[in-house]
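The block underneath contains the structure these notes are about, expressed in structure tokens.
What follows draws every value from the coordinates through simple rules; no lab data is involved. Here the structure is a predicted model, which is why all the values come from computation and not from measurement. Note: ideal-geometry Cβ built from the backbone for every residue, glycine included; neighbour counts use all protein chains shown.
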Protein chains: 2
Amino acid sequence: MPLLVVGSVAFDSVETPTETREDVLGGSAVFFSYAASYFSTVRLVGVVGEDWPAEHTELLRRQGIDTSGLTVEAGAKTFRWRGKYQPNMNDRETLEIHLNVFEKFDPVLPPEFRKCKYVFLANGSPVLQSKVLDQVPDAELTIADTMDLWIQSQHDELCQVLRRIDGLVLNDSEAKLLTGDENLVRAGHKVRAMGPKFVVIKKGEHGAMFFGRDETYVMPAYPTPQVVDPTGAGDSFAGGMMGYLAERGNASPQTLKQAMAYGIIVASFNVEDFSLDRMRQIGRADLDERMSQYRQMLSF
Amino acid sequence: MPLLVVGSVAFDSVETPTETREDVLGGSAVFFSYAASYFSTVRLVGVVGEDWPAEHTELLRRQGIDTSGLTVEAGAKTFRWRGKYQPNMNDRETLEIHLNVFEKFDPVLPPEFRKCKYVFLANGSPVLQSKVLDQVPDAELTIADTMDLWIQSQHDELCQVLRRIDGLVLNDSEAKLLTGDENLVRAGHKVRAMGPKFVVIKKGEHGAMFFGRDETYVMPAYPTPQVVDPTGAGDSFAGGMMGYLAERGNASPQTLKQAMAYGIIVASFNVEDFSLDRMRQIGRADLDERMSQYRQMLSF
């Protein structure tokens, strides 16, 4: 089942307590695509500037990602983000954002892409997300991400999106911000009451929580001792999760739960190095091996 | 298998964002004992002042807790603690501590208590913990708790205790403080290298991590939407865990894992009301029912 993702494609500059990397490959749609590509065909829609090296596109293509929806805009620059992680590697500060070509991103999906049944709306404004939803009338499973910025600046537009999608993925502080509730269990239920059939709250090093109609559950993060760069953890989580759903071709409660576990496993690899560096070293067998350890860890 | 606990017995005054309770029954040994009593015979050693109401002792006795080691000291006052929880109900501030009779607590165990094979050293200085260890030469399983105060003020004495015990239970910020490592997975291994056979790091609403010789695992907290007062969560976790170990009479890797899950379940009830109020309403069947939901939650 081909999986469509629309979101940011970026150069990230990342400062950690021990190391800094400048202008490495990043962006929500990139992390998502790569993570999902272990499981499913991925169709990426995004925009970059003319400073974009062809080798980045090539890297994604070699992984089987369809990049024909990645527009290179002449005379423009690619989205750039710079962030700094605190010693706990969980909290981070955004030092610089240059939206550049992403600011006016107004995606027009290639005809073939409009038939996708599985759609992920990665980082982008609710207005942009709505425009994408308008172009995928046959979608069977739509999941969106959101951010504090949109919760604050486009609250009404976000509420409209929430009524149109199947699932929402957001992090713990965003769930608290959106609902005004400091208890994550209550916050998750409140977000679900705003429209989506299910809600996933990402808790970084503490794992993720799922809120559906009939069940609520929490899964811990896989305890990797090697946390080098958490950038893209949330997007690779969503990519692993939705890639698995697309592979299985259904979103039953049981499949959703397995998918969430796969999301956690992919994210646990992603944080072990900068950019896509760790994900580039692994394959599906590595994911399955760690998944088996994860299942073992949760059996008693 | 009788279980011995030595620790604080206190009056707690608890301020939450919505409600305040004055001078309610608390203390590490009290929460621990009550939690462990669902599983095992418990022998409590502690000290209180003459302001201690007999009904508190009676409450513990009715639960099958042997309170013959609870000394009432004439002319003295019971340990008092006052704390205030932040809106997230995870972070708290200590507003007042009056050690009172606990300051000079120098436990002399009744002869029958010295034969206990399972021993928990609850809140108390490492010097006090060492003195208890001296009195239980036949102990087969000793687990201790510690606090930031002792890590800072009695570091060497704590290191000596760590070399004498089987297990250490501490919270995430304490593990970071003790090791200087912000990554909890690495911190857990480093604490274990200081002596204990196993280490449990409590993460409050995010569950707990286990570090043994051959395995490391994480278990999420049970997602209760009803968090009224987290006071005693760590002690009731330890009580549920060690009570189960005492019931089973062994500390094999498999039993330890089940025990940790029981600790999580007991703690999840404890936080649902002030003091022992929620634990007083439930029995072993309620624990087993929630445990079954918890196992279900972690199966996929």
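Two numbers describe the Cα atoms of the stretch A:85-206: Rg and Dmax, which are 15.3, 46 Å. Placing a label point 7 Å from the Cα of B:ASN250 along the Cα-to-Cβ direction, none of the residues of the stretch B:268-300 has a backbone N under 16 Å of that point.
Shown in residue order for the stretch B:113-121 are the 3J(HN,Hα) couplings computed by the Karplus curve 6.51 cos²θ - 1.76 cosθ + 1.60 at θ = phi - 60°: 5, 5, 8, 4, 8, 10, 10, 10, 9 Hz (x for Gly and Pro). On the beta carbon distance between B:VAL72 and B:GLU96, with R0 = 30 Å, the FRET formula returns roughly 0.85. Counting 0.36 nm for each residue step from B:ARG280 to B:GLN152 and taking away their Cα separation leaves a gain of 42.5 nm. Using a Gaussian network model of chain A whose springs link C-alpha atoms within less than 10 Å, name the residue from A:ASP273, A:ASP91, A:ASP214 with the highest mean-square fluctuation. Checking each option, the largest mean-square fluctuation is seen for A:ASP214. Each of B:MET279, B:MET297, B:MET209 has some number of other Cβ atoms within 10 Å of its Cβ, and from fewest to most they run B:MET297, B:MET209, B:MET279. Couplings 3J(HN,Hα) of the stretch A:283-299, computed from phi: x, 4, 5, 5, 4, 5, 5, 5, 4, 5, 5, 5, 4, 4, 4, 9, 9 Hz, in residue order, whole Hz [Karplus 6.51 cos²θ - 1.76 cosθ + 1.60, θ = phi - 60°; x for Gly and Pro].
For the set A:LYS203/B:LYS176; A:LYS115/A:LYS190; A:LYS104/A:LYS131; A:LYS176/A:LYS197; A:LYS203/B:LYS203; A:LYS115/A:LYS203, the pairs lying more than 24 angstrom apart at their alpha carbons are A:LYS115/A:LYS190; A:LYS115/A:LYS203. Each Cα pair under 8 Å and six or more residues apart adds its separation to the average, and for the stretch B:15-71 the resulting relative contact order is 37 percent.
Amide H contacts under 5 Å for A:ASP273: A:VAL228, A:ASP229, A:ARG278, restricted to partners 5 or more places along the chain or on a different chain, H placed in the peptide plane at 1.01 Å from N. Close amide-amide hydrogen proximity is noted between A:GLY46 and A:LEU70, A:THR71, each under 5 Å apart and 5 or more residues distant or on a separate chain (H modeled in the peptide plane; Pro and chain starts excluded). Less than 5 angstrom separates the built amide H of B:LEU4 from those of B:ARG43, B:TYR118, B:VAL119, B:PHE120, all sequence-distant by 5 or more or on a different chain. Over the C-alpha atoms of chain B, the Rg to Rh ratio, Rh being the Kirkwood estimate, stands at 0.93. Compactness check for the protein assembly as shown: Cα Rg over 2.2 N^0.38 Å is 1.05.
For the segment B:209-221, counting C-beta atoms of other chains within 10 Å of every residue's C-beta and taking the mean gives 4. Per-residue ellipticity at 222 nm, computed for the protein assembly as shown from helices alone with -39500 (n - 2.57) per DSSP H run of at least four residues, works out to -10500 deg cm²/dmol. Using a Gaussian network model of chain B in which every pair of alpha carbons under 10 angstrom is joined by a spring, one finds that among B:ILE282, B:ILE264, B:ILE201 the greatest mean-square fluctuation is at B:ILE282. Loop-located trypsin sites (Lys or Arg not before Pro) in the stretch B:153-204 (DSSP state other than H, G, I, E, B) with a sparse environment of at most 13 neighbouring Cβ atoms within 10 Å: B:ARG163. Along the stretch A:191-198 the Karplus relation, 6.51 cos²θ - 1.76 cosθ + 1.60 evaluated at θ = phi - 60°, assigns HN-Hα couplings of 5, 4, 5, 7, x, x, 5, 9 Hz to successive residues, with x for each Gly and Pro.
Shielding of peptide A:78-88 by partners, expressed as the average count of other chain Cβ atoms within 10 Å per residue Cβ, is 1.
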